[in-house]
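The block underneath contains the structure these notes are about, expressed in structure tokens.
Derivation of every value follows stated rules applied to the coordinates shown; laboratory data play no part. On a predicted model such as this, the values are computed, not experimentally measured, just so you know. Here the Cβ positions follow ideal geometry from the backbone for every residue, glycine too, while neighbour counts run over all protein chains shown.
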Amino acid sequence: MENYNKIAEAIIDLQLRGYDQDFVIKNEHILCVQDSELISPDDFEVIDTYKFDGAKRQRDNYVIYAIRSMHNDLKGILLTSYSTFSKGLSIHLWSKLGANLK
């Protein structure tokens with residue numbers, strides 16, 4: 001796992017490594033933005049996790065997940081703020097994403 005100083009560096013490197021889809025959290029799933037596919041926590045794996053801590057503001061803390069769908073080999077990036085973990089995230093999805101934070 002690489003250490004990046006900036007979020008943009010991590011995203012560019014992951015894209016160069018084939019993580020070319022964008023994921024967002026949608027209820028109890030993640031959603032692939034490009035093809036509108038919902039993926040349940042049981043159907044994807046987190047390959048890498050990168051944390052970025054804002055020096056002054058809590059809202060500047062982000063996590064980037066490199067994700068691979070196990071059924072169709074979609075690879076992409078989920079960028080989320082730390083505050084996501086306190087805002088109505090399902091237990092199943094929270095445990096999948098939270099297990100990869102160190």
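For the range 7-98, state the average projected area of the convex hull of the C-alpha atoms over all orientations, rounded to one decimal in nm². Display every interim value, and only then the final one.
Numbers: hull surface 22.9 nm².
That works out to 5.7 nm², a quarter of the Cα hull's surface.
Using unit Cβ charges (K, R positive; D, E negative) and no other charged atoms, how large, in debye to the nearest 20, is the dipole of the chain about its Cα centre?
Values: 12 positive and 15 negative charges, 116 e Å.
Here the size comes out at about 560 debye.
Shown for the range 7-98: lysine pairs separated by 8 or more places, or found on different chains, whose C-alpha atoms are under 18 Å apart, numbering 6.
For N61, nonlocal amide neighbours, meaning residues 5 or more places apart or on other chains whose placed amide H falls under 5 Å from its own, are G54, Y82. Here the Gaussian network model covers the chain, with springs between Cα atoms less than 10 Å apart; of S40, S83, S69, S83 fluctuates the most.
For E2, E9, what ranking results if the residue with the fewest other Cβ atoms within 10 Å of its Cβ goes first? Mind showing how you got there, number by number?
On the way: E2 10, E9 13.
Arranged by neighbour count, lowest to highest, E2, E9 become E2, E9.
What is the local net charge at D22, summed over the other residues whose Cβ is closer than 13 Å to its Cβ (Lys, Arg +1; Asp, Glu -1)? Once positives and negatives cancel, what remains is -1.
Our coupling estimate for the range 2-19, obtained by passing each phi through the Karplus curve with A = 6.51, B = -1.76, C = 1.60 and θ = phi - 60°, is 7, 10, 10, 8, 10, 4, 4, 4, 5, 5, 4, 5, 4, 4, 5, 8, x, 8 Hz, Gly and Pro reported as x.
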